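Asks: Input: one structure, supplied below.
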Amino acid sequence: MNDFETYRGLLFSIAYRMIGSAADAEDLVQDAYVRYASTDRDVVRDVKAFLVTILTRLALDRLKSAQVQREQYIGPWLPEPVFTGRDADPFASAARDEAIQVALLTAMERLSPQERAVLLLSEVLEYDHDEIAEMLDISTAASRQHLHRARERIAAEKQRFQPSADEKRRLIESFMGALQSGSVDMLRDVLTADVIARGDGGGKVAGAGMRPVLGFDKVARLYLSLAERVLPVQRLVMEEVNGSPALVLYTNERLDGIVTFDFDGDRIAEINSVLNPDKLAFARRQISASGR
């Protein structure tokens, strides 16, 4: 295995965390390879740091155009989901940790591109501020400031108590049971009072919703109504997505949606549904690659 292939999975996971798009992450990894292939290897002291620097700078450039696109995006924007329970997929296994959970990826949207980069390089890859400053061509003081601001802005997400994976699966099963039985009381035992539901259809899926739905009463009505229409015609399977249990929706064996959850203690606090077919393309390729 050559040097680049050794770090391909790592580069993909960095790009995905930065951009929130698996398809764009693949493109950035390929762009990084092209640059690496045209570089004189004799001047590269640390291959890993060199590749991380190239990839991070490419991601920063991509984020500038991505921010404009997201300002024009129709309805709520959510990160592209990635299956992480499929060991045959090197990209997914390289990205399997809490830093790719949907809630944190969504929270990172509130950060500036440089704040994202510094947070990722410092807290996930454990580079020090002198190294980060060199990678991003900024001062050490600026690196520290970016990290401080980034931590403050995503602190609320990390303050939520995250249950174990088994407890998450139990809560999702209880949520599904409540929908199947049409029980508001059962939903009340599963959802927080201030639960949020988002549907990302990108303007391409009818009924995806143009804005988040807030509060137990509205979310309960929404999902009980959806269950009457969806459950008879779709198959729902629980799989690991972005490092956490999620519901995967199939219509006639075609992947049509992925629903991820965020939790606060023994309740579901967020329900995030990705329905935009463009954002399901990478996950569909993962399914095809697994032979399922």
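Asks: Looking at (1) touching a Ser or Thr at 6+ places or on another chain (Cβ under 7 Å); (2) assigned to a helix (DSSP H, G or I); (3) at pLDDT below 80, which is the only condition A66 fails?
Replies: (1)
Asks: For G20, are the conditions met, namely being closer than 14 Å to L120 by Cα, open to solvent by less than 20 Å² (accessible area, probe 1.4 Å) and at pLDDT below 90?
Replies: So G20 passes the test.
Asks: Still on this model: Filtering segment 140-180 down to residues that are outside any helix (DSSP H, G or I) and open to solvent by 50 Å² or more (accessible area, probe 1.4 Å), which residue is farthest from R116 (Cα to Cα)?
Replies: It comes out as S164.
Asks: What are the residues in segment 106-139 that are under 26 Å from E270 (Cβ atoms), surrounded by fewer than 20 Cβ atoms within 10 Å (Cβ to Cβ) and out of contact with any helix residue (DSSP H, G or I) (no Cβ under 7 Å at 6 or more places or on another chain), if any?
Replies: E109, S112, E123
Asks: Continuing with the same structure: Please find, within segment 190-210, the residue that is farthest from the chain's Cα centre (by Cα) out of those that are surrounded by fewer than 14 Cβ atoms within 10 Å (Cβ to Cβ) and at pLDDT 90 or above.
Replies: Among those residues, the one meeting the criterion is A193.
Asks: Can you tell me which condition D266 does not meet? The list is (1) in contact with a strand residue (DSSP E or B) (Cβ under 7 Å, 6 or more places away or on another chain); (2) open to solvent by 40 Å² or more (accessible area, probe 1.4 Å), and all the others hold.
Replies: (1)
Asks: Which one of the conditions (1) open to solvent by 20 Å² or more (accessible area, probe 1.4 Å); (2) touching a residue at least 60 places away in the same chain (Cβ under 8 Å); (3) among the β-branched types (V, I, T) does V52 fail to meet, given that it meets all the rest?
Replies: Of the numbered conditions (1) open to solvent by 20 Å² or more (accessible area, probe 1.4 Å); (2) touching a residue at least 60 places away in the same chain (Cβ under 8 Å); (3) among the β-branched types (V, I, T), the odd one out for V52 is (1).
The rows are residues; the columns are (1) modelled with pLDDT under 95; (2) open to solvent by 60 Å² or more (accessible area, probe 1.4 Å).
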| residue | (1), (2) |
| --- | --- |
| D217 | no, yes |
| A220 | no, no |
| S225 | yes, no |
| L231 | yes, no |
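Asks: Could you list, in sequence order, the residues of segment 69-99 that are at pLDDT 75 or above, open to solvent by 60 Å² or more (accessible area, probe 1.4 Å) and within 15 Å of the chain's Cα centre (by Cα)?
Replies: Of everything in segment 69-99, nothing turns out to be at pLDDT 75 or above, open to solvent by 60 Å² or more (accessible area, probe 1.4 Å) and within 15 Å of the chain's Cα centre (by Cα).
Asks: Tell me whether segment 207-220 contains one or more residues that are touching a residue at least 24 places away in the same chain (Cβ under 8 Å), over 22 Å from T84 (Cβ atoms), touching a helix residue (DSSP H, G or I) at 6+ places or on another chain (Cβ under 6 Å) and of a type outside the set (F, W, Y).
Replies: The answer is yes, given that some residue of segment 207-220 is touching a residue at least 24 places away in the same chain (Cβ under 8 Å), over 22 Å from T84 (Cβ atoms), touching a helix residue (DSSP H, G or I) at 6+ places or on another chain (Cβ under 6 Å) and of a type outside the set (F, W, Y).
Asks: Right, something else. Kindly indicate which of R45, R41, R35, R57 is more than 17 Å from the chain's Cα centre (by Cα), more than 15 Å from P113 (Cα to Cα) and at pLDDT 90 or above.
Replies: On inspection, the qualifying residue turns out to be R35.
Asks: Would you check if there is a residue in segment 232-251 being free of Cβ contacts under 8 Å to residues at least 40 places away in the same chain, within 30 Å of D189 (Cα to Cα), outside any loop (DSSP other than H, G, I, E, B) and among the aromatic types (F, W, Y)?
Replies: Within segment 232-251, one or more residues are free of Cβ contacts under 8 Å to residues at least 40 places away in the same chain, within 30 Å of D189 (Cα to Cα), outside any loop (DSSP other than H, G, I, E, B) and among the aromatic types (F, W, Y).
Asks: Right, next: If you go through segment 255-292, how many residues are outside any helix (DSSP H, G or I) and touching a residue at least 12 places away in the same chain (Cβ under 8 Å)?
Replies: Number of matching residues: 23.
The values are calculated or read from the model by the stated rules, or taken from the named source; none is laboratory data. Just so it is clear, the structure is predicted and the values come from calculations on it, not from any experiment. Every residue, glycine as well, gets a Cβ built from its backbone with ideal geometry; the counts of neighbours run over all protein chains shown. Please note that ligands, DNA and RNA were not included when accessible areas were found on the heavy atoms of the full protein model with its side chains. Shrake-Rupley method; radii C 1.70, N 1.55, O 1.52, S 1.80 Å.
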